[in-house]
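Novice: Can you read through this structure? Questions will come right after.
Every number in this text was worked out from the coordinates using simple rules, so none of it is lab data. Note that the structure is predicted; figures quoted are calculated from it, not measured. A quick note on method: Cβ atoms are made from the backbone with ideal geometry, for glycine too, and the neighbour counts reach across all protein chains shown.
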Amino acid sequence: MITVKINGEERQMPAKGTIRTLAVDLGLNPETVLFVVNGVLQPEDYRLQDGDEVEVVSVVSGG
Amino acid sequence: MKCRICGKPAVIKLRAHNIALCPEHFVEFVQKQTAKAIKHYRMFDKDDHIAVAVSGGKDSLALLDILTELGYKVSAFYIDLGIKHMDYSKTSKEKAQAFCEKKGVKCLVYSLPEMFGMGIDEAARKSRRTPCSLCGMTKRYLMNVAARDLEADVVATGHNLDDQAAALFANLMRWDVSYLAKGYPVLPAEHGFPKKVKPLVFLTEREIAAYAIVRGIDYVRYECPHSEGARFLVYKEHLNAIENMSPGTKRRFYQGYTENIWRFQIEFPEQCEKKDEEESPMKPCKICGMPTASEDGICSFCRFWRPEEVKKIKGQE
C-alpha cells in the first residue's frame with residue numbers, strides 16, 4: 001500500500017495504482033475532473049507514488 | 001503515456017480526439033481549435049477590435065490568453081456583481097484584473113455596488129427576483145455598454161462546448177423552438193447592439209481547465225454560490241456521463257445542431273433574419289440612450305436599476 005494526499009487528506013491506495021483507478025475509487029466521472037500531482041497536470045495512466053500530493057480539480061461550472 | 005506528436009511525456013489524454021499530448025502540443029492544440037472555430041463560424045478577423053468579457057473564471061481568462069497569443073487586438077471588461085458570499089466577486093475581480101495586467105490588456109470594470117450602492121444579491125432580495133435572472137439581464141446590458149465604451153467591433157465570451165451542448169439539451173427537453181433557432185455561437189450586430197461570439201465552442205470545459213493549468217493562469221476555482229444545484233449543472237452531468245461512455249458525443253451533438261439550425265430558423269425567421277434599421281422597433285432608451293424595444297422607451301436595465309430616474313421621466317410625461 002502507498003499513502004497519497006488527496007486535496008490535503010491522506011488516503012491509502014494499492015501500490016501501482018493509477019489516476020484512473022483513483023478516479024474510479026472516488027466515484028468521479030473522468031470527463032469532469034483533472035488531476036494535478038505535485039503541482040503538475042498528469043494523464044489518467046500516471047502511476048501514483050508514495051507521498052504524492054494530488055489536487056482533484058473539478059472542471060464543471062454553472063454557466 | 002506519450003505525446004502523439006513529439007513522444008515526450010503527455011499531460012492529458014483527449015479521448016474524443018484519440019490523442020495524448022505534452023504541454024507544448026496541448027497548448028498548440030487548444031489555440032488551433034479556437035482559431036478553427038473563429039474561422040468556421042466567421043466570428044472576426046485580425047482587423048477587428050475584440051472586447052472579452054472576463055469573469056475571473058477559467059474560460060474567460062483562457063479565452064483572453066488564447067486571443068492575445070493568436071495576435072488579435074483585444075480589450076477586456078469585468079462586471080462586478082457585488083456577490084459577498086466567500087468574497088466571490090472580490091476574488092474574481094482581483095484575478096481578472098491581475099491576469100489582464102499580466103497580459104498587458106486594458107480592462108474596464110463595471111461595479112454594481114459602486115454604480116448603484118448594492119450588489120446582485122441585495123437587489124434580488126429587494127425586488128423578489130431570482131439572482132440569476134437579474135444577473136442575466138444586467139450582464140447583457142453591461143456587455144453592450146462595454147462594447148460601446150471600448151469602441152469594440154465584437155464582444156467575445158468564454159462559453160465552451162459544454163455550455164452550448166447543455167443549453168441545447170435543455171432547449172430540446174422543452175422543445176423550445178424559438179430558443180433552438182438562436183443557439184448559434186455568433187449573434188450578428190444589429191440595432192446598435194454589438195456582434196457577440198463564443199470562440200471556445202470547439203473546446204470542452206476539461207480541455208479549457210487543463211489549458212489554464214498548463215499555462216499557469218490563476219483563475220477562481222470555486223463556483224458562483226448561486227449556480228449550486230442549478231438545473232444547468234444537471235444537464236451537464238448527464239451529457240458528461242454519455243461522453244464518458246462515448247467520447248466525442250458533445251462535439252457531434254452541438255456541431256450537428258449548428259449545421260441543422262436552419263431547420264428551426266424556418267419556424268422562427270424573426271430570430272435570425274437581419275431586419276432593416278427602418279423596420280426595427282428599437283429606439284434609444286430615454287434614460288441611458290442604449291437601444292430598447294420597450295413601448296415606454298425605457299430599457300429593462302434602467303427600469304430596474306434607476307427607479308428614481310424612471311419616476312422623474314414618467315412625471316415629466
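Novice: Whole-Hz ³J(HN,Hα) for each residue in segment B:189-198, computed from phi via Karplus 6.51 cos²θ - 1.76 cosθ + 1.60 with θ = phi - 60°, x for glycine and proline: what do you get?
Specialist: Whole-Hz 3J(HN,Hα) from phi for segment B:189-198: 5, 7, 6, x, 8, x, 5, 10, 9, 10.
Novice: Using the Karplus curve 6.51 cos²θ - 1.76 cosθ + 1.60 with θ = phi - 60°, what ³J(HN,Hα) values do you get for each residue of segment B:5-13, in whole Hz, with x for Gly and Pro?
Specialist: After applying 6.51 cos²θ - 1.76 cosθ + 1.60, I find 8, 10, x, 6, x, 7, 10, 8, 10 Hz.
Novice: Can you pull the Kirkwood radius for segment A:2-58, inverse mean 1/r over Cα pairs, to one decimal in Å? Mind dumping the intermediate values first?
Specialist: Numbers: mean 1/r = 0.0909 Å⁻¹.
Its Kirkwood hydrodynamic radius stands at 11.0 Å.
Novice: Using the Kirkwood formula on the Cα atoms of the protein assembly as shown, what hydrodynamic radius do you get, in angstrom to one decimal?
Specialist: On the way: mean 1/r = 0.0446 Å⁻¹.
Its Kirkwood hydrodynamic radius stands at 22.4 Å.
Novice: May I pose another question? On a 0 to 90° scale, report how tilted helix B:161-174 is relative to the longest principal axis of chain B, with both axes built from alpha carbons and the result rounded to the nearest 10.
Specialist: 60 degrees
Novice: Also, quick follow-up: Whole number please: convex hull volume per residue, Cα atoms of segment B:121-220, in Å³. Let's see the in-between values first.
Specialist: Details: hull volume 16.0 nm³, N = 100.
Output value, Cα hull per residue: 160 Å³.
Novice: Helix-only mean residue ellipticity at 222 nm, the protein assembly as shown, DSSP H runs n ≥ 4 weighted -39,500 (n - 2.57), per residue, nearest 500. What is it?
Specialist: Numbers: 14 runs with 164 residues, N = 380.
The helix contribution divided over the protein assembly as shown gives -13500 deg cm²/dmol.
Novice: With N denoting the number of residues in segment B:161-317, provide Rg(C-alpha) divided by 2.2 N^0.38 Å, to two decimal places.
Specialist: On the way: Rg = 19.9 Å, N = 157, 2.2 N^0.38 = 15.0 Å.
Output field value: 1.33.
Novice: For a bin width of 5 Å, list the pair-distance distribution of segment B:1-121 built from all Cα-Cα distances, rounded to whole %.
Specialist: P(r) over segment B:1-121, rounded to whole percents: 2, 10, 17, 16, 15, 13, 13, 9, 3, 2, 1, 0.
Novice: Could you give the Stokes-Einstein D for chain B in µm² per second, using the C-alpha Kirkwood radius, 4 °C, 1.567 mPa s?
Specialist: In µm²/s, the coefficient is 62.
Novice: Projected onto the charge dipole of segment B:4-97 (+1 at Lys/Arg Cβ, -1 at Asp/Glu Cβ, origin at the Cα centre), which of B:Gly71, B:Cys6, B:Ser92 gives the Cα projection farthest towards the positive end?
Specialist: Of the candidates, B:Cys6 comes out farthest on the positive side.
Novice: Taking amide hydrogens as modeled 1.01 Å from N in the peptide plane, which residues meet the under 5 Å criterion relative to B:Val11, leaving out close sequence neighbours?
Specialist: Under 5 Å from the amide H of B:Val11 lie the amide H atoms of B:Leu21, B:Cys22, each far enough along the sequence or on another chain.
Novice: For segment B:37-193, just say rounded, prolate or oblate: build the C-alpha gyration tensor, square-root its eigenvalues into a ≥ b ≥ c, call rounded for a/c under 1.5, and beyond that prolate if a/b exceeds b/c, oblate if not. Could you put the intermediate results ahead of the total?
Specialist: Details: a/c = 1.65, a/b = 1.07, b/c = 1.54.
Taking the square roots of the gyration eigenvalues as a ≥ b ≥ c, segment B:37-193 is oblate.
Novice: Explain nothing, just the number: relative contact order of chain B, from Cα pairs under 8 Å at least 6 residues apart, as a whole percent. Walk me through the numbers before you get to the answer.
Specialist: On the way: 471 pairs, mean separation 59.4, N = 317.
Contact order relative to length: 19 percent.
Novice: Here's something else I'd like to know. Using only Cα positions of segment B:168-259, each an equal point scatterer, no hydration layer, compute I(q)/I(0) via Debye at q = 0.24 Å⁻¹ and quote the log10 values to two decimals.
Specialist: Evaluating at q = 0.24 Å⁻¹ gives log10 I(q)/I(0) of -1.38.
Novice: Oh, and also: Each residue of segment B:208-216 in turn: what ³J(HN,Hα) in whole Hz from Karplus with 6.51, -1.76, 1.60 and θ = phi - 60°, glycine and Pro shown as x?
Specialist: Using θ = phi - 60°, the values come out as 5, 4, 5, 4, 4, 5, 5, 7, x Hz.
Novice: Just checking the output field for B:205-211: average partner chain Cβ neighbours within 10 Å of each residue's Cβ?
Specialist: Working: counts 7, 8, 2, 2, 9, 6, 1.
Mean number of neighbouring Cβ atoms from other chains: 5.
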